[in-house]
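Where a number appears in this text, it was derived from the coordinates with a stated rule and is not lab data. In this text, all values refer to a predicted model and were calculated from it rather than measured experimentally. Here the Cβ positions follow ideal geometry from the backbone for every residue, glycine too, while neighbour counts run over all protein chains shown.
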Amino acid sequence: MMKARGAAAPFAVWMAIFTVIPLGVVVYYAFTNADGAFTFENILSIREYAGSLLRSFWIGLLSTFICLLLAYPLAFSISRSKGRVQQTMVMLIMMPMWMNFLLRTYAWQSLLENNGFINQFLGWFGIPPIQMINTTGAVILGMVYNFLPFMILPLYSVMVKIDKSVIEAAQDLGSNTMQVFSRVILPLSVPGIISGITMVFIPIISTFAITQILGGSLINMIGDNIEMKFFGTAPDYNVGSALALLLMVMLLISMGIMNHFDKNGEEVGA
């Protein structure tokens, strides 16, 4: 027992330095004013950012749904492919992740600009420039592009473990394609769906780089507000900490809901 505790000591120190202490600092600033006196004013001021918070959840839910819609058939197709094809497809999906997150987003900015490649290409056919940059659509496109691999890989890792004989048995028992999908494939892939949603939805609603690059100042999410409170021209660490604390609580609630469904999914899979 003592050896086990000793082996866990480095992890406990790491958690204390990089998780517990920073969280304590955030809580301290969230419930104090500039003079260090206890107050609820920072928490109450969150009401001013309700629109930004709702926009963050709406964009997060829509982007996550699009990622799931695109990733599910692709992950299933890869899982049913032969060994070398699987390896090649997984490598192609992971390759964009080897490039810096900001570089990938700036690449989309150059494509979507009014004088970018897409509008130049359309101009060759006499089509006038289309406003694509600094729109909600551009932000969602950036979200889907950057986080799609995080949806595909969990789905693939679960689907590749589905025994083909289970699908063949369902077909032999008279199930059609839709019945095989709804009664066999979908229930067995629920853990991958939950993992993918968690890995995509949580970082999307807290990000700010994509909205600033592809949305400009027109699309404002909760992550942008927190970033401005800490690094803007008029920083306010107390309100910024209150917003960060609120977002943290909501993310923990979301993860709790996801874990609840994940347990149900594991029971169905079993």
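When you scan region 113-154, how many residues do you find that are under 22 Å from the mean Cα position of the chain (by Cα) and crowded, with 16+ Cβ neighbours inside 10 Å?
Count: 21.
Looking at Phe201 and the list (1) assigned to a loop (DSSP other than H, G, I, E, B); (2) under 14 Å from the mean Cα position of the chain (by Cα); (3) of a type outside the set (Asp, Glu), which single condition is not satisfied?
(1)
Mind telling me which of the residues Tyr49, Tyr72 ends up being within 26 Å of Ser254 (Cβ to Cβ), under 20 Å from the mean Cα position of the chain (by Cα) and either outside any helix (DSSP H, G or I) or not polar (S, T, N, Q) (or both)? Spell out the reasoning first.
On the way: Tyr49 fails: under 20 Å from the mean Cα position of the chain (by Cα).
So the residue among Tyr49, Tyr72 that is within 26 Å of Ser254 (Cβ to Cβ), under 20 Å from the mean Cα position of the chain (by Cα) and either outside any helix (DSSP H, G or I) or not polar (S, T, N, Q) (or both) is Tyr72.
Is it true that some residue in region 248-264 is touching a residue at least 24 places away in the same chain (Cβ under 8 Å), in contact with a Leu (Cβ under 6 Å, 6 or more places away or on another chain), part of a helix (DSSP H, G or I) and surrounded by 14 or more Cβ atoms within 10 Å (Cβ to Cβ)?
no
At least 3 residues that are within 26 Å of Gly192 (Cβ to Cβ) and in contact with a Ser or Thr (Cβ under 8 Å, 6 or more places away or on another chain) in each: list the helices (runs of 4 or more DSSP H) lying fully within region 91-176 that qualify.
In region 91-176, 136-159 are the helices (runs of 4 or more DSSP H) which contain 3 or more residues that are within 26 Å of Gly192 (Cβ to Cβ) and in contact with a Ser or Thr (Cβ under 8 Å, 6 or more places away or on another chain).
Those residues that are in contact (Cβ under 8 Å) with a residue 24 or more places away in the chain, of a type in the set (Ser, Thr, Tyr) and closer than 27 Å to Phe76 by Cβ, I need them from region 117-171; list them, please.
Tyr145, Tyr156, Ser157
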